[in-house]
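Presented below is the structure to which this report refers.
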Amino acid sequence: MALNSPSVISNPEGRFDSFANGKIFEGKKPGRLPAMGWNSWNAFGSGNTEALTRAMADCIVALGLDKLGYKYVVLDDGCYKSERVNGRLSNEPVKFPGGFKALSDYVHSKGLKFGMYNDIGTNLCAGAAVGTCGHEDVDAASYVEWGVDFLKIDNCYYLWDNATFSNPENARFVFAPRIRGISLDGLEKSVCDAKITGTTAHFCKEGFVEGIGTFDGTNTGTTPVGLRSSELVYDIVIQDSFEGEYELCVEYASSRENGIGEWLQIAVQNEEKEPHYYFDKLLPPSENKETFIWSVPVKIRLEEGHNYIRLMNHRRQENTLDSYAAMLSGLNKAKPGHEVVLSMCEWGKTHPQNWAYKVGDSWRILNDITFRVGSDGNPGFGAWFDKGTPSVTSQYNKAVVMDEFAGLDKGWNDPDMLMIGMDGLSMVQNKTHFTMWCMMNSPLMLGLDLRRVSEGDELYKIIANHELIALNQDALGVQAKRILTTGDCGGLAPDKAYIEDIDRVDVLAKPLSDGGFALSFINVSEKDWEQPLSVNIEQIEKTLEKKYAADKYSVKDLWSGETWEKITGLFGIERLGACDCVVLKVKSK
C-alpha cells in the first residue's frame with residue numbers, strides 16, 4: 001500500500017487544541033486498573049515460541065500468580081511471518097506451528113487472557129514487514145478472530161515521524177520550516193512582532209524562528225510536565241470596519257531534519273472562540289534551509305478584536321494519535337463493545353501523557369527499560385542506573401512526576417516491563433523496583449522466565465506480595481505523589497520536579513479506597529542513607545488534598561509485615577540502605 005502523506009485530521013478531537021478536554025474516542029473504555037501479566041520480550045526477545053508461551057501460562061497458574069491478578073500472557077515481537085499472506089497477518093510456522101487461535105484458546109483454558117503485539121509503522125521493530133499502517137481494519141478483524149484481549153502497539157518504521165528505524169527525513173512532517181515573517185495583504189511583519197509559546201522553538205540571531213513543533217520525548221533529560229511544543233503567534237487587532245478576508249503569506253526556509261521541516265499548520269483563533277484551521281500540509285521545499293521564499297497566499301478571516309494567527313506544527317502528536325485511533329476504530333468495527341486493552345508503545349516520543357488517554361489504556365513514557373533482551377534480558381551493568389533510558393531509575397525519575405496524567409478516567413503511565421529476576425539487579429533493587437511500579441500505578445508486566453521462580457523463594461516473595469499489588473490495583477486508582485525528596489527540586493514542588501541525579505531519597509504518598517494511605521520511603525541512590533527522615537500528616541494532607549488527621553493510626557510495613565500503632569502524625573525512617581525502600585500502609589483509628 002502506497003502511503004505518501006499523513007491523514008487529514010477530520011475529527012476535531014484529534015487536534016492539539018482538544019488534548020486537554022478530557023473526551024475519549026469511541027471504543028475506549030475508562031475505569032480499567034493497570035494491566036498485570038507476563039510479556040515475552042525481556043526474557044526471550046524474538047526467540048519466543050509457542051512452547052515457551054504455553055510454559056509461561058502454565059507457570060502463572062502453577063505459582064498462583066493468576067489469583068494475584070497476573071492475567072495477561074502477551075506475545076511480543078518475533079511471532080509473525082516476515083511478510084503478509086494475502087494481505088493478512090499469519091503465524092511464524094516454526095516457532096508457532098499451532099497458530100495464534102490455538103495458542104489463544106490454550107491461554108484462555110487456563111483462565112488467563114491472551115495478548116499480542118504489532119506496530120503503527122510499516123514494519124515491526126525486529127524487521128518483519130507486517131506493521132498495521134494501512135491495514136488496521138483487517139488486522140483488527142484477525143485479532144478479534146484469534147480472541148486477543150490485549151494489544152501492545154509499537155512505533156518503529158513509522159512513516160510520519162523520524163522514529164527508530166524510519167527515515168530521518170520524516171522530520172519534514174513534524175516540524176514547521178524556519179519562519180522569517182508574514183505578510184497580510186502585502187503588509188509585512190517580522191518574527192519580532194510575534195511571540196513563541198512553549199519551549200521547543202527559539203529565535204535565531206539571523207532573524208528567524210526554528211524548532212516550531214513538538215520536542216522528541218524518547219530519551220531522558222527533559223521534564224514531562226508543562227507544554228512540550230511551540231507555536232509562533234501573531235496578535236492582530238482588527239477594528240470593526242476592517243473585518244473580513246485577508247491574504248496571508250509566510251516567508252520560510254525548509255529542510256528535512258530535526259527542528260526544521262516542511263509541514264505548516266495555520267490557524268486563526270479569535271477571542272473566546274474555537275480556532276479555525278486554514279492550512280495543514282506540506283509547503284513546497286525551499287532550495288535549502290538558508291534560502292527563504294514566500295508561500296502562496298492563504299485566505300484567512302480576521303474579525304473585530306484580537307486575532308491570534310498561529311503558525312505551528314502539532315503533527316508529531318496528532319499523527320501518532322490518528323494512527324492509534326485507526327486501530328481502535330478497526331477493533332470497534334470488528335467487534336463493537338470489545339474489551340481489548342490497548343497498550344501504546346511509542347516510547348514517550350510524542351508526549352503521550354497529553355493525548356493518549358483518548359484512545360489507550362496505558363502509554364510508554366520512555367524508550368525500552370533494557371536493550372539487552374533474551375536469556376532473561378541480562379541487562380548487566382547499569383540496570384539500576386543509566387544516564388539514558390535503559391534502567392529502572394531513568395524510568396522512575398520521569399514517571400514519578402507524571403501523576404497528574406494518570407487515573408481511572410484516563411489510563412496509566414507505563415515505565416515499561418518489570419526487570420525483576422533479570423541479571424544485573426540485586427534482590428533489594430528488585431524489591432524497590434516493584435515498590436516504585438506499584439506506587440505509581442504502572443502496569444505490572446513480568447518479563448522474566450517464570451520457570452526460574454519457585455513458590456516461596458525470594459523472587460516469588462517480591463512479585464507475589466499481595467499487599468503491594470493491592471496498592472497498584474486499589475479501586476481509587478490514584479498514582480502516588482512525591483511529597484518530599486532530598487534531591488534538588490530547582491524551586492519546584494517535589495511532585496513537579498524532574499530530577500535525574502539519583503543521590504536522593506524520595507517519599508511518595510498514595511491515597512487508598514479504604515480511607516487510608518500508603519507511604520513509601522525510596523532510596524534511589526546506590527549509597528546508604530544514614531540519617532532520619534520523616535513527613536508529618538499535614539504534609540500528606542496538603543499534597544493529597546485529603547483529611548487524615550486522627551488521635552491514633554494503625555501502621556503496617558508491607559514488606560516486613562510488622563504492625564504497630566502511632567499517636568502522632570509523624571512517619572519516618574532512621575536510615576535506609578542503598579536502593580532500598582520502606583512501604584507503610586496507614587489508617588486512622
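The values are calculated or read from the model by the stated rules, or taken from the named source; none is laboratory data. Remember, predicted model here, so these are calculated numbers, not experimental data. A quick note on method: Cβ atoms are made from the backbone with ideal geometry, for glycine too, and the neighbour counts reach across all protein chains shown. Note: areas computed on protein heavy atoms with side chains; ligands, DNA, RNA excluded. Shrake-Rupley method; radii C 1.70, N 1.55, O 1.52, S 1.80 Å.
List of remarks:
- Here is the figure for region 441-461: residues that are more than 21 Å from Gly45 (Cβ to Cβ) and open to solvent by 10 Å² or more (accessible area, probe 1.4 Å) total 7.
- Against the list (1) outside any strand (DSSP E or B); (2) open to solvent by less than 30 Å² (accessible area, probe 1.4 Å); (3) at pLDDT 95 or above; (4) of a type outside the set (A, V, I, L, M, F, W, C), the condition Ser183 fails is (1).
This table checks each residue for (1) open to solvent by less than 20 Å² (accessible area, probe 1.4 Å); (2) part of a loop (DSSP other than H, G, I, E, B); (3) more than 23 Å from Gly115 (Cβ to Cβ); (4) of a type outside the set (Ser, Thr, Tyr).
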| position | (1), (2), (3), (4) |
| --- | --- |
| Ile369 | yes, yes, no, yes |
| Val373 | no, yes, no, yes |
| Gly382 | yes, yes, yes, yes |
| Ser394 | yes, no, yes, no |
| Asn413 | yes, no, no, yes |
| Asp416 | yes, yes, no, yes |
| Gly421 | yes, yes, no, yes |
| Gln429 | no, no, yes, yes |
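- Screening the candidates Gly121, Gly111 for the property of being modelled with pLDDT of 95 or more, in a loop (DSSP other than H, G, I, E, B), closer than 26 Å to Trp347 by Cβ and in contact with a helix residue (DSSP H, G or I) (Cβ under 9 Å, 6 or more places away or on another chain) yields one hit, Gly121.
- Within the span defined as region 305-322, one or more residues are in a loop (DSSP other than H, G, I, E, B), surrounded by 20 or more Cβ atoms within 10 Å (Cβ to Cβ) and not hydrophobic (A, V, I, L, M, F, W, C).
- Qualifying residue in region 133-152 (condition: at pLDDT 95 or above, among the aliphatic types (A, V, I, L, M), open to solvent by less than 20 Å² (accessible area, probe 1.4 Å) and assigned to a strand (DSSP E or B)): yes
- Extreme residue, most open to solvent (accessible area, probe 1.4 Å), among residues of region 196-216 that are touching a Phe, Trp or Tyr at 6+ places or on another chain (Cβ under 8 Å) and part of a loop (DSSP other than H, G, I, E, B): Thr199
- Whichever residue in region 224-251 is among the polar types (S, T, N, Q) and either assigned to a strand (DSSP E or B) or more than 20 Å from Asn313 (Cα to Cα) (or both) and, among such residues, is least open to solvent (accessible area, probe 1.4 Å): Ser229
- Of all the residues in region 221-251, those that are under 33 Å from the mean Cα position of the chain (by Cα) and within 20 Å of Ser295 (Cβ to Cβ) number 5.
- The residues in region 322-345 that are among the polar types (S, T, N, Q) and at positive phi can be counted, and the count is 0.
- In region 33-69, the residues that are outside any helix (DSSP H, G or I) and open to solvent by less than 50 Å² (accessible area, probe 1.4 Å): Pro34, Ala35, Met36, Gly37, Trp38, Asn39, Ser40, Asn48, Thr49, Leu63, Gly64, Gly69
- Qualifying residues in region 512-545 (those that are under 28 Å from the mean Cα position of the chain (by Cα) and farther than 24 Å from Ile499 by Cβ) - the one surrounded by the fewest Cβ atoms within 10 Å (Cβ to Cβ): Ser513
- No other residue among Lys23, Lys101, Lys29, Lys95 is outside any loop (DSSP other than H, G, I, E, B) and open to solvent by 40 Å² or more (accessible area, probe 1.4 Å) apart from Lys101.
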